[in-house]
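The values are calculated or read from the model by the stated rules, or taken from the named source; none is laboratory data. None of the values given here were measured: they were computed from a predicted structure. Every residue, glycine as well, gets a Cβ built from its backbone with ideal geometry; the counts of neighbours run over all protein chains shown.
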Amino acid sequence: MKAPETVSIDNLTFKKMFTEQQIQKRVKALGEQISRDYADSVPIMVGVLNGAVLLLADLIRYLSIDCEMDFIKISSYGNQRVSSGEIMMIKDFSADLHGRHIIVVEDIVDSGLSVQYLKRRIKNMKPASLKFVSLLVKKGAAKVDLDIDYVGFEIDNKFVIGYGLDYKQLKRNVNAIYQLDE
């Protein structure tokens with residue numbers, strides 16, 4: 001089913017930013033790059049719930065290498081459009097990350113506080129390596145220095161939904177990505 005040009009939630013209108021085809025083309029390129037970079041290892045792909053589920057599912061289908069999967073759930077948004085800055089752990093890792101190659105899969109990076117929190121937490125577990133992939137990175141929104149190893153798209157500092165991204169847990173299931181039409 002073709003994604004509509006606009007979607008609405010709570011009297012807010014969102015306009016299409018990236019089509020399903022644009023997203024899949026970029027996710028495929030990310031999968032190919034990760035496959036080259038990890039050709040001789042079996043990384044653990046750690047999806048950050050809930051937003052990264054669709055990206056992780058598509059990304060691993062584009063990998064030509066073996067991998068394992070795990071999930072962690074943190075929150076800094078609640079039902080808001082802006083991060084509170086406080087990270088809450090909701091679900092911890094199941095896998096033993098010690099000595100393993102870890103690739104954390106995020107849907108979006110804006111303030112960078114979640115990435116900073118995860119980086120610190122995972123490094124304490126002494127992995128062999130740690131890298132981050134994010135479908136979206138908001139330009140100019142970072143409150144901390146961060147280095148995202150694999151970036152799908154850089155976007156302006158706008159609120160976005162779709163393809164795993166939500167507002168009040170809604171519109172994650174839309175195949176395109178939409179930005180708030182202000």
Just a yes or no: is a residue in the stretch 100-123 polar (S, T, N, Q), touching a strand residue (DSSP E or B) at 6+ places or on another chain (Cβ under 7 Å), modelled with pLDDT of 95 or more and under 19 Å from Ile74 (Cβ atoms)? no
Does Val151 meet the test of being outside any loop (DSSP other than H, G, I, E, B) and touching a residue at least 24 places away in the same chain (Cβ under 8 Å)? no
When the stretch 113-127 is checked residue by residue, the ones that are of a type in the set (A, V, I, L, M) and under 17 Å from Ser94 (Cα atoms) are Leu118, Ile122, Met125
Taking into account only those residues within the stretch 154-179 that are modelled with pLDDT of 95 or more, in a strand (DSSP E or B) and of a type in the set (A, V, I, L, M), which is nearest to the chain's Cα centre (by Cα)? Leu165
Of all residues in the stretch 83-126, how many are buried (at least 18 other Cβ atoms within 10 Å of the Cβ) and part of a loop (DSSP other than H, G, I, E, B)? 6
Being more than 15 Å from the chain's Cα centre (by Cα) and either among the aromatic types (Phe, Trp, Tyr) or more than 20 Å from Gly162 (Cα to Cα) (or both), is that true of even one residue in the stretch 3-15? yes
